[in-house]
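Student: Structure below; questions to follow.
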Amino acid sequence: MAGAVTAHLSEEASVRPQHINESVLVRIVLITIALAFLTLVVIFPLLTVFIEGLKKGWDVYTASLRDADALSALKLTLIVSLIAVPLNTFFGIMAAWAITKFKFRGRNVLITLIDLPFAVSPVISGLIFVLMFGAQGFYGPWLDDHNIQIIFALPGIVLATVFVTFPFVARELIPLMESQGVQEEEAAVVLGAKGLKLFWLVTLPNIKWGLLYGIILCNARAMGEFGAVSVVSGHIRGETNTLPLHIEILYNEYQFSASFAVSSLLVLLAVLTLAVKKFVEWRGSKWQSK
């Protein structure tokens, strides 16, 4: 009986998935279609950015990147990311910890609220902050009386960026922490671990690669955000323009080479982010296989 069961399991294991049994011609056609689509939709547009940026020569290209407004936009983009990403990282960890480690009323509501920025248009989210903190907004008169400026300034840009990017870290950690369960934390508590010690020694080592992955995605969205930031920034040259907004202004002023040159900088940042993302995935898969 045991031999028959073993033979049956061996036979099932030896059967390959149906898609692997497709003919060579079918596989070649599918791969060709996928590569052609990626080339048309992704590779050609990205190459066009660099071609157009270098169309008038290397000197024009580098001058566009050294322009004072471009450097100011780059600086602002990095500042916003350096503020928004840590805030969302802290929120994501706390939200994932609460949702996966505790049972409480309103848990599903919290999960729904975390997903809200995915459903709301970035332009609408920016408009929400204008209606709250703008001159005619709910808090506008009070802010004006106390000489506090949020809209058309750095705080408003940070708020809009935080809103559109805060699901990324939480959404990476929640499924991961749910799959891991609470057994290790419970064992650590029995051994005397509490509070931050429990988090640093038990929870963080188990979620570190998922956390890094979420941070990378959050940072990529923060640097490339356009809609929400466009509404709250005021488009003030050299002050409230991030890189995407600076690119739009250059393009609208028919400075095509300059706009594509600055766009190539965003593309390079995206490629760097993708490289880091793939490295994190690779390291995470190796760590999980141990």
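Student: Roughly how many percent of the accessible protein surface of the chain is carbon and sulfur, given a 1.4 Å probe and a whole-percent answer?
Tutor: The computed percentage sits at 70.
Student: Can you sort D59, D67 by solvent-accessible area, 1.4 Å probe, largest first?
Tutor: Ranked from most to least accessible, the order is D59, D67.
Student: Among Y213, P175, H235, flag the residue with its Cα farthest along the positive direction of the charge dipole of the range 160-249, charges on Cβ as +1 for Lys/Arg and -1 for Asp/Glu.
Tutor: Final value for the positive-end residue is H235.
Student: If each residue of separation counts as 0.36 nm, what is the full-extension length gain between W282 and L116 once their alpha-carbon separation is subtracted?
Tutor: 56.7 nm
Student: In bins 5 Å wide, starting from 0, what share of all Cα pairs of the chain does each bin hold, as a percent?
Tutor: 1, 5, 9, 11, 12, 12, 12, 11, 10, 8, 5, 3, 2, 1, 1, 0, 0, 0
Student: How many nm is it between the label spots at A98 and L268, if each spot is 7 Å from the Cα in line with the beta carbon?
Tutor: 4.1 nm
Student: In whole angstrom, note down how far apart the Cα centers of the range 105-184 and the range 191-242 are.
Tutor: So the separation of the two Cα centres works out to 12 Å.
Student: Separate question: Give me, ordered by chain and number, the residues 5 or more places off F166 or on other chains with an amide H under 5 Å from its own placed amide H.
Tutor: Amide H to amide H, under 5 Å and 5 or more residues apart or across chains, F166 pairs with nothing.
Student: All other residues with a Cβ under 15 Å from the Cβ of P167 taken together, and with Lys, Arg as +1 and Asp, Glu as -1, what is their net charge?
Tutor: Once positives and negatives cancel, what remains is -1.
Student: Write out the trypsin sites (Lys or Arg not before Pro) in the range 180-213 meeting two conditions: DSSP loop, and at most 14 other Cβ atoms within 10 Å of their Cβ.
Tutor: K194
Student: Starting from the range 76-183, pick out the trypsin sites (Lys or Arg not before Pro) whose DSSP state is loop and whose Cβ has at most 13 other Cβ atoms within 10 Å.
Tutor: Counting only loop positions with at most 13 other Cβ atoms within 10 Å, the trypsin sites (Lys or Arg not before Pro) in the range 76-183 are K103, R105.
Student: Give the Cα extents of the range 138-186 along the principal axes, in whole Å, largest first.
Tutor: Extents along the principal axes: 53, 20, 16 Å.
Student: Out of F118, F129, F163, any idea which swings most in a Gaussian network model of the chain, alpha carbons joined below 10 Å?
Tutor: Highest fluctuation among the options: F118.
Student: Just to confirm, what accessible area per residue do you get for the chain at 1.4 Å probe, in whole Å²? Please report the intermediate quantities before stating the final value.
Tutor: Details: 17520 Å² over 290 residues.
Solvent-accessible surface per residue comes out at 60 Å².
Student: In the full protein assembly as shown, how much of I93 is accessible to a 1.4 Å probe, in Å² to the nearest 10?
Tutor: 20 Å²
Student: For the range 101-256, what does the convex hull of the Cα positions come to per residue, in cubic angstrom?
Tutor: 168 Å³
Student: Also, quick follow-up: Which helices, counted as full DSSP H runs in the chain, have an axial Cα extent of no less than 15 Å and a Kyte-Doolittle average of 1.6 or above? List each step's numbers first, then the result.
Tutor: Details: long enough: 2-14 (18 Å, 0.18); 24-38 (21 Å, 2.83); 68-101 (49 Å, 1.41); 107-119 (19 Å, 1.18); 122-133 (17 Å, 2.48); 154-165 (16 Å, 2.16); 167-180 (20 Å, 0.27); 204-224 (30 Å, 0.78); 256-289 (49 Å, 0.84).
Sorted by number, the helices that extend far enough and score high enough are 24-38, 122-133, 154-165.
Student: Label 7 Å along Cα→Cβ of L204; the range 93-114 residues with amide nitrogen under 18 Å?
Tutor: From the range 93-114, the list is 93-98.
The values are calculated or read from the model by the stated rules, or taken from the named source; none is laboratory data. Every value quoted in this text rests on a predicted model; they were computed, and no experiment measured them. In this analysis, Cβ positions are derived from the backbone assuming ideal geometry, glycine residues included, and neighbour counts consider all displayed protein chains. Each accessible area value is taken on the protein alone, full model and side chains, heavy atoms only, with ligands, DNA and RNA left out. Shrake-Rupley method; radii C 1.70, N 1.55, O 1.52, S 1.80 Å.
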